[in-house]
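Have a look at the structure below, then the notes.
The values are calculated or read from the model by the stated rules, or taken from the named source; none is laboratory data. Only a predicted model underlies this, so the values are computations on that prediction, with no experimental measurement involved. Glycine also receives a Cβ, built like all others from the backbone with ideal geometry; neighbour counts cover every protein chain displayed. Protein only, heavy atoms only, side chains kept; ligands, DNA and RNA dropped before computing areas. Shrake-Rupley method; radii C 1.70, N 1.55, O 1.52, S 1.80 Å.
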Amino acid sequence: NRLVQLGALLAGTALLYLIGTAWYCWQSGAEASTALVVCVLPFLPGDAVKIIAVLTGGNAVKTRLKKAGVA
């Protein structure tokens, strides 16, 4: 279950990076290597922290929402 969640989180993040980097290249005329340095590398640490937070706390939040009758 967690492996599937991790895969989905990584795939979604990679897709967003791909779209954002392609858009940056198209708008600025920058090369892909430059766009990766500008559009991806600065965000990797923060996104890694968020992915870890979701994997560690996501199930607890889901359980509490079910108990509260929200989800």
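Accessible surface computed residue by residue for the chain, with neighbouring protein chains in place and a 1.4 Å probe, gives 76 Å² per residue.
Think of it as helices only: each DSSP H run of n ≥ 4 in the chain is worth -39500 (n - 2.57), and spread over all residues that comes to -28500 deg cm²/dmol at 222 nm. When you restrict to C-alpha pairs under 8 Å that are six or more residues apart and normalise by the size of the chain, the relative contact order lands at 29 percent.
Under a Gaussian network description of the chain, with springs only between Cα atoms under 10 Å, the residue in V40, V49, V61 that fluctuates furthest is V61. In the chain, a dipole from Cβ-located charges (positive for Lys and Arg, negative for Asp and Glu) runs towards its positive end, and of V37, Y17, Q5 it is Q5 whose Cα lies farthest in that direction.
Rounded to the nearest percent, how much of the accessible area of the chain (1.4 Å probe, protein heavy atoms only) is carbon and sulfur? It is 73 percent, rounded to a whole number. Equivalent-ellipsoid semi-axes for the chain (Cα gyration tensor, √(5λ), whole Å, largest first): 33, 12, 10. Here is what passes the span test in the chain: the DSSP H helices with alpha carbon length of 18 Å or more along the helix axis and a Kyte-Doolittle mean of -0.5 or above are 2-28, 44-67.
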